[in-house]
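Novice: Can you read through this structure? Questions will come right after.
The values are calculated or read from the model by the stated rules, or taken from the named source; none is laboratory data. If you're wondering where the values come from, they're calculated on a predicted model, not measured in any experiment. Note that we place each Cβ from the backbone using ideal geometry, even for glycine, and neighbour counts take in every protein chain shown. Accessible surface areas use protein heavy atoms only, side chains included; no ligands, DNA or RNA. Shrake-Rupley method; radii C 1.70, N 1.55, O 1.52, S 1.80 Å.
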Amino acid sequence: MKNIKLSIEKAFGFVSEQNVDAYKTQIATANAALHNGTGKGNVFLGWLNLPSSIDITHLSDIENTAKILRDNCEVVVVIGIGGSYLGAKAVIDALSNSFDWLQTVRKSPVVVYAGQNIGEDYLYELQEMLKTKKFGLISISKSGTTTEPALAFRLLKTQLEEQQGKAVAKNLIVAVTDKARGALRTLAVQEGYKTYVIEDNIGGRYSVLSPVGLLPMAVAGFDIRQFVDGAVKMEKICGLETSFEENPAAQYAAVRNELYKIGKKIEILVNFHPKLHFIGEWWKQLYGESEGKENKGIFPAAVDFSSDLHSMGQWIQEGERSIFETVISINESNYIKVFPTSEDNLDGLNFLAGKRVDQVNKMAELGTMIAHIDGGVPNLKIELPCLNEYYLGQLLYFFEKACGLSGYVLGVNPFDQPGVEAYKKNMFALLEKPGFEAETKAIKARL
Ligand code: PA5
């Protein structure tokens, strides 16, 4: 079995190989701190050996729960925000048929999402759609108190109970939350829902290999054993025993920190396959929340090429030179599509007749890389042999491990997110939440 591969050579015109290698000791110290639990945020290191600690019984249990939802639901709503939904959506979107939601004959329920926003129209339209559907709910919140998913859950639980009756509804609701604390846990115990625990030592954005990610993936019909196997392989590859040169997470952490040092303050994660869009969203959360603090941190952005070459392409080619790119490249497409010959050749595309769509896409990828390097944009590349559960498991664990290392090299705690609280405090004050009286008074005086 092959592995995903990181290439950093195309950054060497901008930073020297020697300077990247100079991170060797710092990365080794960071890796040891992660594995020995001696670094910042060390109470949140449960993700580190999570893949290899997952046992078959746990996976079977998740698969059994998924089967109940698959057998009884046309639609399953995954309720969660941030780390409580992005990983599942990233993997499900990457592996699903792009027109899955239009298919009438289905093997798996359609997975949709709620609680990731407070859009009234979104929730209205979701509930209207669900009126004629047999649906189930997976409510995911580590704290069990996050406003957005709690609001969505209140609406959807009520609807499900009205449509199916309380006794049936309770078997179609699964709660994934903290083992003891939080309103969701209290509710789940009281109502008798099937529950899964998010361990205290696993933060939201590092939780994709816990039931947070695995249950929705299994409901959508994907092979969570393969996904975990891929992550196990990457856990080993990025482990303490691997040398700096052979460890892709170490290399990525080193090169991006060196690029940041020379003024490349923005990293753009690039894909050439639209179904990878949410891999970019998941990655943005992972790196944004982990590194963006203490007035430091690379700004993580993401684009979908070639679509965004016709919008952001201009900025990337000629805008301020503060960016570098990390391209996720898929070596083999899952399907073959060949361009036909045209007798009149009015579109002038006969030079492509007989070629695969992916050959053209690959030349767009190569041409873009060369153009962007010429334009002053360092290029890193991560190759996946193909798009499947196994390589996505490798990819996501690789990013997690590299993020921990990179955050330590940057000197921040990559496992907290103190900045996320600021808007919540203001929102509660503005909504006059009981207990926020002083904040309400203070904020109203500023309006
Ligand atoms: O990474 C994180 O910790 C956050 O993005 C959380 O996942 C997000 O805020 C949701 O929190 P919770 O699962 O407690 O509802």
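Novice: Are any residues in segment 82-117 touching a strand residue (DSSP E or B) at 6+ places or on another chain (Cβ under 7 Å), in contact (Cβ under 8 Å) with a residue 12 or more places away in the chain and more than 10 Å from the ligand (Cβ to nearest atom), and if so, which ones?
Specialist: 88, 89, 92, 109, 110, 111, 112, 113, 114, listed by residue number.
Novice: So residue 379 passes all but one of these: (1) out of contact with any Pro (no Cβ under 8 Å at 6 or more places or on another chain); (2) open to solvent by 30 Å² or more (accessible area, probe 1.4 Å); (3) closer than 21 Å to residue 15 by Cα. Which condition number does it fail?
Specialist: Condition (2) is where residue 379 drops out.
Novice: If you scan segment 153-169, which residues turn out to be surrounded by 15 or more Cβ atoms within 10 Å (Cβ to Cβ) and either within 11 Å of the ligand (Cβ to nearest atom) or farther than 30 Å from residue 421 by Cβ (or both)?
Specialist: Scanning segment 153-169 gives 153, 159, 160, 161, 163, 164, 169.
Novice: Can you tell me which residues in segment 59-81 are open to solvent by 30 Å² or more (accessible area, probe 1.4 Å) and either among the aromatic types (Phe, Trp, Tyr) or within 16 Å of the ligand (Cβ to nearest atom) (or both)?
Specialist: Listed by number, the list holds a single entry, 81.
Novice: Moving on. List the pairs whose first member sits in segment 420-432 and is more than 23 Å from residue 290 (Cα to Cα), whose second member is more than 11 Å from the ligand (Cβ to nearest atom), and whose Cβ atoms are under 7 Å apart, counting only residues at least 6 apart or on separate chains?
Specialist: Sorted first by the residue in segment 420-432, then by its partner, the pairs are 428/436; 429/436; 429/439; 429/440; 429/443; 430/443; 432/440.
Novice: If you check every pair at least six apart or on different chains, which have Cβ atoms under 6 Å apart with a residue in segment 195-215 that is over 18 Å from residue 184 (Cβ atoms) first and a residue that is within 12 Å of the ligand (Cβ to nearest atom) second?
Specialist: Filtered contacts from segment 195-215: 201/44; 205/83; 205/285; 205/286; 205/289; 206/47; 206/400; 208/87.
Novice: Could you look through segment 383-434, keep only residues that are away from the ligand (no atom under 16 Å from the Cβ) and among the acidic types (Asp, Glu), and pick out the one that is surrounded by the most Cβ atoms within 10 Å (Cβ to Cβ)?
Specialist: 389
Novice: Still on this structure: Would you please name the residue that is nearest to residue 213 (Cα to Cα), looking only at residues in segment 82-117 that are buried (at least 22 other Cβ atoms within 10 Å of the Cβ) and among the hydrophobic types (A, V, I, L, M, F, W, C)?
Specialist: Only one residue tops the list, namely 88.
Novice: Which count do you get for residues in segment 181-208 that are over 19 Å from residue 72 (Cβ atoms) and more than 14 Å from the ligand (Cβ to nearest atom)?
Specialist: Step one: of segment 181-208, the residues over 19 Å from residue 72 (Cβ atoms) are 181-187, 189-190, 197-208.
So of that shortlist, the ones also more than 14 Å from the ligand (Cβ to nearest atom) come out as 186, 189-190.
Going through segment 181-208 one residue at a time, the tally reaches 3.
Novice: Could you list all residues from segment 277-292 that are open to solvent by 20 Å² or more (accessible area, probe 1.4 Å) and more than 13 Å from the ligand (Cβ to nearest atom)? Steps first, please.
Specialist: Residues of segment 277-292 that are open to solvent by 20 Å² or more (accessible area, probe 1.4 Å), as a first pass: 277-278, 281, 284-285, 288-289, 292.
Correct list: 277, 278.
Novice: List every residue pair whose Cβ atoms lie under 6 Å apart, where the two residues are 6 or more positions apart in sequence or sit on different chains, the first residue falls within segment 122-145 and is within 16 Å of the ligand (Cβ to nearest atom), and the second residue, located anywhere, is open to solvent by 50 Å² or more (accessible area, probe 1.4 Å).
Specialist: Every condition considered, the pairs that remain are 144/183; 145/183.
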